[in-house]
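Visitor: Please find one structure pasted underneath; my questions will follow.
Any read-out appearing in this document is the output of simple, stated calculations on the displayed coordinates, not a laboratory observation. Bear in mind that the values here come from a model prediction, so they are computed numbers and not experimental data. Every residue, glycine as well, gets a Cβ built from its backbone with ideal geometry; the counts of neighbours run over all protein chains shown.
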Amino acid sequence: MITLYGWGPMFDCPSPSSFVMKSLIQLQMLGVEFDLAVADLEAVPKMKAPYLVDDGTLVEDTNFIRWHLENKLGRSLDDGLSAAEAAAGWALERMAEDHVVKNIITQRWMRDENFQKGPALFFMGIPEPQRTAVTEEVRGGMRAYMHGQGFGRHSETEQLELADRDITAIANFLGDKDYLFGDAPAAADAGVAAVLIAAACEFFETPLSGLVRRHENLVAYITRMEARYLTGHDWPVPEMA
């Protein structure tokens, strides 16, 4: 029995987490049967989602989830790719999960108007007297992390320029192909598409969505990936109050 833990549709997106979407896509690419459950971050050592439980074995982080299942099945999501193509896919995935994800987090969590209509909902289960303090502690921790590793020291314009460069590079690499490496999706398509879907979300007030949507091939690509892998899933509804 395999269970993937994360969160389902929220904020007009298949999941509030691009990483949950990534694992959800990759499990389907691998053809395994699995159940879905709401993540409890306090219950796992890394306190991150997604995580997977496979017959009692806990696997945390999207990359380790992928490799665990590939080793179990004896095949890779990059089967059929050359070594150079697999390396390019890894690089594209890492690129998408750097500046673009940092922009998603910053735009959703650091902009007050976006935070109030989105991530603030995650804190509704906390009693009201403590809610403000906990919320500000979490946001402050995120702000300090972004500043500490350098991204938060850039202006918003500079942050978005970094994302724009990466998004344009992905659009140029994709070109007129259906998927990053041709007619069939590979491992990198899961991570790259998931990040682009999250970035293109128009639920939040952010220039980031326009940076994705100005590329017609990326709009077609994420529509294709979402229709193929991210619709019709029966996610449990998380308790928020």
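Visitor: Could you give me the radius of gyration and the Dmax of the range 8-66, taking only the C-alpha atoms into account and expressing both in angstrom?
Guide: Over the range 8-66's Cα set, Rg and Dmax evaluate to 11.2, 33 Å.
Visitor: Can you give the extra length, in nm with one decimal, that the chain gains between residue 161 and residue 82 once fully stretched, where that is 0.36 nm per residue apart less the Cα-Cα distance?
Guide: Details: separation 79, 0.36 × 79 = 28.44 nm, distance 3.18 nm.
This chain segment gains 25.3 nm when fully extended.
Visitor: I've got another one for you. Check cross-link reach from residue 102 to the lysines: straight Cα distance under 25 Å, and skip same-chain residues fewer than eight apart.
Guide: List returned: 22, 46, 48, 117.
Visitor: Sort all Cα-Cα distances of the range 2-229 into consecutive 5 angstrom bins from zero, then give the percent of pairs in each bin up to the one containing the longest distance.
Guide: With a bin width of 5 Å, the distribution comes to 1, 6, 14, 18, 19, 17, 13, 8, 3, 1, 0, 0.
Visitor: So, by mean Cβ neighbours within 10 angstrom, what's the order for 178-184, 39-45 with the highest one leading?
Guide: Numbers: 178-184: 15.7, 39-45: 11.6.
Packing proxy ranking, top to bottom: 178-184, 39-45.
Visitor: In deg cm²/dmol and to the nearest 500, what is the mean residue ellipticity at 222 nm of the chain if only DSSP H runs of at least 4 residues count, each as -39500 (n - 2.57), divided by the residue total?
Guide: Values: 10 runs with 127 residues, N = 241.
Roughly -16500 deg cm²/dmol at 222 nm, from the helical runs in the chain.
Visitor: Between the range 204-218 and the range 116-141, how far is it from one alpha carbon centroid to the other, in angstrom?
Guide: The two parts, judged by their Cα centres, are 28 Å apart.
Visitor: Now a separate question. Could you compute the FRET efficiency for residue 124 and residue 149, with r as their C-beta to C-beta distance and R0 at 30 Å, rounded to 0.05?
Guide: About 0.55, to the nearest 0.05.
Visitor: Follow-up question, since we're still on this one. Looking at the chain, identify the longest residue range that excludes and avoids all trypsin sites (Lys or Arg not before Pro) in DSSP loops having at most 16 other Cβ atoms within 10 Å.
Guide: The segment 112-176 is the longest one with no such site.
Visitor: OK, next. Spin-label point model (7 Å from Cα, Cβ direction): what's the residue 105 to residue 176 distance in nm?
Guide: 3.9
Visitor: Something else now. Obtain the nm distance between the two label points defined at residue 117 and residue 90 by a simple spin-label model: each point lies 7 Å from its Cα along the Cα-to-C-beta direction.
Guide: Rounded to a tenth, the inter-label distance reads 4.0 nm.
Visitor: Which residues does the label zone of residue 55 cover in the range 5-36, counting backbone N under 20 Å from a point 7 Å along Cα→Cβ?
Guide: Counting only backbone N, you get 5, 27-28, 30-36.
Visitor: Ok, one more. Roughly how big is the chain's charge dipole about its Cα centre, with Cβ charges of +1 (Lys, Arg) and -1 (Asp, Glu), in debye to the nearest 20?
Guide: Using Cβ point charges on Lys, Arg, Asp and Glu, the chain gives about 360 debye.
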